[in-house]
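Some notes on the structure that comes next.
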There are 2 protein chains.
Amino acid sequence: MNTNGRTPSASTPLGAELDRRQTIYDAMVHLIYLKGYNGAPLRAVAESIGIRMPSLYHHFASKEDLLLEIMSRTMNDLTESVSTAINECGSDEPEHRLRAAILAHVAFHAERREEAFVADSELRALDADNRALIASLRDKYEELFAQVLRDGRSKGIFINLDERLALNALLGMCSQVSVWYRSGGRLTIDDVSKGYSDLFLSGVLSPH
Amino acid sequence: MNTNGRTPSASTPLGAELDRRQTIYDAMVHLIYLKGYNGAPLRAVAESIGIRMPSLYHHFASKEDLLLEIMSRTMNDLTESVSTAINECGSDEPEHRLRAAILAHVAFHAERREEAFVADSELRALDADNRALIASLRDKYEELFAQVLRDGRSKGIFINLDERLALNALLGMCSQVSVWYRSGGRLTIDDVSKGYSDLFLSGVLSPH
DNA sequence: GTCTATATCTCGATAGAC
DNA sequence: GTCTATCGAGATATAGAC
């Protein structure tokens, strides 16, 4: 008997399978976002989508495999989004490229805030091998910003600040958007991404 | 000065009791920092300080009580530190007061990074009542920065940025210090706190 | 693909001896 | 104040029917 009120589609098994995987993925993201990986029981994930817990194992090999997919997919999508934004901003000037990168990073952390938050906070839940894998994706991602910052500094466009410090300040500030942003709230994604890039580029002091 | 606001006495049983409480507190902080509240078993906390798990219950009523003490003590100490820094900076100018607040916030998040990280990330592990209690402490803390930002904006010293956005950007940037800072590393606390306050006040663009 | 039933383990917490 | 022993709940994961 079907207890979840859905209509199973008998015609496209592959499509249905991908839909189911995505439904599980989304439910898992949401619960980890709310309670953390270790506070998100698979029973609750299953219940939230109207199936029983053992059924999840038809779609995923283990709980950690599911977390790994969330983190790797998110990191890859984020990297592609920011990389594209930098390359297609139509400028070689570090200021414009940095602004484009910040806009893309902030937009991603607002639009896909739960995934981004999980990717940023659950490294510690992975075992050593998987942790190293995601850490390398993160390093590759951060290098996108590091290159822009280096370029701007060597051209004298940016001040002579320690690169690692500037990178940590920037990413720390922009990634926190996934913690507090609410879609439909007072601030739009454009408000936030423009405000953040203005702030990082020019600071809070009025020109004088 | 001791960090828990109590008056320790060296040779009495009460002093020994406080030492033991502090040892448990520190071990719990460290394990939650590494693995999160739900990934930090009390058995491991006890083992790390050479006692058995049930002995912990002589010092704390429950696991959540221990977390609550960590978060409330940390928030109170942080608030006092930043509040004192603002009031004793010897200036009424918003720029100087903001700089003093940032220096104190960053220093705290570097010196007591594990406690600060736990206080910033484990709100979700508390039940509704305790969560509301810590959230109110956090609101009170953030108001310290909000007042300085408001004051600076109304005086025309700061640019006309949305207050909540600026506050989130600032605290997000500065609180992340607890994630990456390593004492004894390449950057001193002074390097970080000065670099961060310069960045937030003036941005990364070179003056032109 | 989903189910029921279950194995195995670990968790927080308590009881009571010393 | 710490110990051993234990309880009951809930976790991930597996087996096998349908």
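The values are calculated or read from the model by the stated rules, or taken from the named source; none is laboratory data. Just so it is clear, the model here is predicted, and its values are computed rather than measured. Virtual Cβ from ideal backbone geometry, glycine too; neighbours counted across all protein chains shown.
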Tell me whether region B:146-156 contains one or more residues that are touching a strand residue (DSSP E or B) at 6+ places or on another chain (Cβ under 7 Å), surrounded by 20 or more Cβ atoms within 10 Å (Cβ to Cβ) and of a type outside the set (S, T, N, Q).
yes
Extreme residue, farthest from the other protein chains (Cβ to nearest Cβ), among residues of region B:23-54 that are over 18 Å from the mean Cα position of the chain (by Cα) and of a type in the set (Ser, Thr, Tyr)
B:THR23
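For every residue, the table says whether it meets (1) free of Cβ contacts under 8 Å to residues at least 24 places away in the same chain; (2) within 23 Å of B:ARG182 (Cα to Cα).
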position	(1), (2)
A:ARG131	yes, yes
A:PHE145	no, yes
A:ILE159	yes, no
A:TRP180	yes, no
Six or more apart or on different chains, Cβ atoms under 6 Å: show the pairs whose first residue is in region B:35-63 and more than 10 Å from DNA strand C (Cβ to nearest atom) and whose second is of a type in the set (Phe, Trp, Tyr).
none
If I ask for residues that are farther than 15 Å from A:ALA100 by Cα and of a type in the set (A, V, I, L, M, F, W, C), which ones from region A:134-154 would you list?
A:ILE134, A:ALA135, A:LEU137
Examine region A:98-116 for a residue that is more than 20 Å from A:ASP191 (Cβ to Cβ) and buried (at least 22 other Cβ atoms within 10 Å of the Cβ), and state whether such a residue exists.
yes
Looking only at residues in region B:55-69 that are more than 14 Å from chain A (Cβ to nearest Cβ) and aliphatic (A, V, I, L, M), which one is nearest to DNA strand D (Cβ to nearest atom)?
B:LEU56
Run down A:HIS105, A:HIS109 and say which single residue is under 30 Å from A:TYR196 (Cβ atoms) and touching a Cys at 6+ places or on another chain (Cβ under 6 Å).
A:HIS105
Out of curiosity, is B:ARG97 within 25 Å of A:ASP139 (Cβ to Cβ) and of a type outside the set (A, V, I, L, M)?
no
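Can you go through A:VAL82, A:VAL45 and tell me which one is in the same structural domain as A:GLY195 (by TED's automatic domain parsing) and not acidic (Asp, Glu)? Outline the logic, then answer.
Working: A:VAL45 fails: in the same structural domain as A:GLY195 (by TED's automatic domain parsing).
So the residue among A:VAL82, A:VAL45 that is in the same structural domain as A:GLY195 (by TED's automatic domain parsing) and not acidic (Asp, Glu) is A:VAL82.
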Options A:ALA46, A:ALA85: the member that is in a helix (DSSP H, G or I), within 14 Å of DNA strand D (Cβ to nearest atom) and either at pLDDT below 95 or surrounded by 13 or more Cβ atoms within 10 Å (Cβ to Cβ) (or both)
A:ALA46
Output the residues belonging to region A:157-192 that are of a type in the set (Gly, Ala, Ser), out of contact with any His (no Cβ under 8 Å at 6 or more places or on another chain) and crowded, with 18+ Cβ neighbours inside 10 Å.
A:ALA166, A:ALA169, A:GLY172
Right, B:ASN76: without any contact (Cβ under 8 Å) to a residue 60 or more places away in the chain and more than 16 Å from DNA strand C (Cβ to nearest atom) or not?
no
